[in-house]
Amino acid sequence: MAAASADLLTILPHKKVFRSNQTSLAINFSEIQNNASCPLDDTSLSFALAAFYFIIFVVGLVGNIIALLAFLCIPQKRNSIQVYLVNVAVADLLLIFCLPFRIIYHVKNNWMFGLILCKTVGTLFYMNMYISIVLLGLISLDRYVKINKSAKRTKMLSTTQSIRICCVVWALAIICFITVVAPSFFKSEDRNSTMCFHYRNKQNAKPEAILNYIIVIIFWIVFFLLILSYAKIAKNLLKISKKRANFPNAGKYTRTARNSFVVLIIFTICFVPYHVFRFVYITSQLQNPSCYWKDIIHKCNEVMLIFSSFNSCLDPVMYFLMSTSVRKTVLELVCRRLHRDSSLTLESTSDVKLGQYTQERLSTTTPYSSSLKKKS
């Protein structure tokens with residue numbers, strides 16, 4: 001009896017171990033199921049996304065190249081606003097160069113370039129989007145300080161200081177880019193994956209999800225500061241225009257107040273819809289919803305991302321409205337081009353007319369010369 005009880009005692013721990021192994025296997029299996037990507041239906045949106053990204057690519061590329069040429073052709077010394085605008089144009093161009101990869105992916109519904117390039121393109125896209133957001137915030141701060149005319153603060157926002165600030169922004173962005181992309185070089189799994197830019201669970205990557213939350217919160221802080229600063233800018237400018245209503249340049253202050261809202265309008269149209277939905281997206285990644293909701297959240301995120309990409313098309317309009325030097329330079333370049341084309345057409349038409357005139361002269365003189373020959 002004692003031996004039997006001893007055998008039973010030896011068997012029970014094995015049963016407990018077996019049960020614990022079963023439960024751990026069940027937990028692991030459920031985690032695998034949770035992290036397994038649902039078959040997200042991208043085909044319904046693929047053509048529309050590819051078409052929109054193509055339009056944004058063409059318009060944004062042309063607009064930002066013209067803007068950069070205009071900035072390079074400005075003869076006088078650049079001010080702090082122009083320094084920020086040049087950097088916004090560079091960030092927009094880098095974002096635009098990511099779009100062909102998205103267009104190919106949405107057309108073929110298949111990622112052919114490997115995990116490393118997927119991570120690189122995706123991170124570069126978001127990096128330049130947030131660089132634009134930070135620089136637009138700095139532009140609003142610059143305008144606010146200069147319009148309030150604080151002598152000490154104006155020195156802080158000189159051209160040299162703005163160049164240094166931009167260097168710091170780019171340095172931080174590059175460090176973040178390397179930190180995010182570097183681990184993909186050492187990952188062996190998903191290296192041959194045919195999916196990119198799609199919904200991923202973050203249950204096993206909570207630090208990344210927390211970082212995304214922090215970035216979204218920073219955006220909203222910048223946005224509310226923009227609203228406050230531009231409201232005060234507009235109030236001050238309108239007050240000045242009312243005081244100097246009889247002055248010839250009174251309308252200039254009203255125009256400046258109106259143009260001051262360009263950054264705020266661009267911010268609201270392009271970035272607010274995406275960042276409103278961003279909280280829902282990140283929270284769902286941590287909670288692991290059903291495949292049905294994953295599909296809806298993924299599609300909504302793709303649509304909102306179109307609005308963010310559209311910023312690269314609207315920014316050249318901002319350069320034109322906010323910088324008098326850019327406006328003058330662009331108009332001069334256009335006028336030169338039109339003048340060159342018109343001079344070429346005038347030369348060609350004058351050549352044609354000269355040819356017609358010589359032909360007419362020859363036709364009139366030929367009979368006369370032939371009659372002289374007959375008389376002789």
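Every number here is computed from the coordinates shown, using simple stated rules; none is lab data. Bear in mind that the values here come from a model prediction, so they are computed numbers and not experimental data. Reconstructed Cβ throughout: ideal geometry from the backbone, glycine too, with neighbour counts over all protein chains shown.
Worth a mention:
- The C-alpha atoms of region 50-184 occupy a region whose extents along the principal axes are 56, 33, 23 Å, arranged from largest to smallest.
- Residues K242 and T43, FRET efficiency given R0 of 56 Å [Cβ-Cβ distance, rounded to 0.05]: 0.45
- Taken along the Cα-to-beta-carbon direction at a fixed 7 Å, the label points for L117 and E208 span 2.1 nm.
- Protection proxy ranking, peptides 272-285, 306-319, average beta carbon neighbours within 10 Å, highest first: 306-319, 272-285
- Overall size of region 40-323 from C-alpha positions, given as principal axis extents largest first: 68, 38, 34 Å.
- Estimated from the Cβ-Cβ distance and a Förster radius of 22 angstrom, the FRET efficiency linking Q287 and T179 is about 0.30.
- What the Cβ-Cβ distance of V334 and I296 gives, at R0 = 45 Å and to the nearest 0.05, is a FRET efficiency of 0.45.
- Point-charge dipole on Cβ atoms (K/R +1, D/E -1) for region 40-323, about Cα centre, debye to 20: 1780
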